[in-house]
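Following: one structure in structure tokens, then a few remarks.
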Amino acid sequence: MDYSFSLGAGGAVGSRGPYSYFQGSDGYANGMTLEAEGCLCMPVRNDWYMGRFGIDAAGTSRRDVPVQWPTDCTFDAEELDRLFVATTRRRPIRC
């Protein structure tokens with residue numbers, strides 16, 4: 001499960017609530033980035049895809065990638081039209 005936090009008075013971190021759930025073979029959330037539309041792009045380790053999540057975790061979508069363990073992602077610096085995905089060749093250690 002991933003969590004979201006409300007924004008409290010003066011910018012303080014507020015209460016914690018669920019943001020998204022990964023169950024069964026859904027793998028594990030990993031390094032992430034925000035896109036121009038405000039959605040969260042997140043590699044999902046151990047399940048061969050990138051997830052895209054809206055602000056309330058609704059409207060999620062997935063894009064399959066040709067690697068089992070994507071680990072991090074970022075957009076290019078100029079046009080923000082390409083997403084670069086880092087990977088690992090071995091099963092990462094889960095801490």
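Here are a few things to note about the model shown:
- Once the Cα gyration tensor of segment 27-87 is diagonalised, semi-axes √(5λ) in Å: 17, 15, 9
- Nitroxide proxy distance, nm - points 7 Å out along Cα→Cβ at A77 and E35: 2.3 nm
Values in this text are rule-based calculations from the coordinates and carry no lab data. Owing to the predicted nature of the structure, the values given are computational and were not obtained by experimental measurement. Note that each Cβ is placed from the backbone with ideal geometry, even for glycine, and that neighbours are counted across all protein chains shown.
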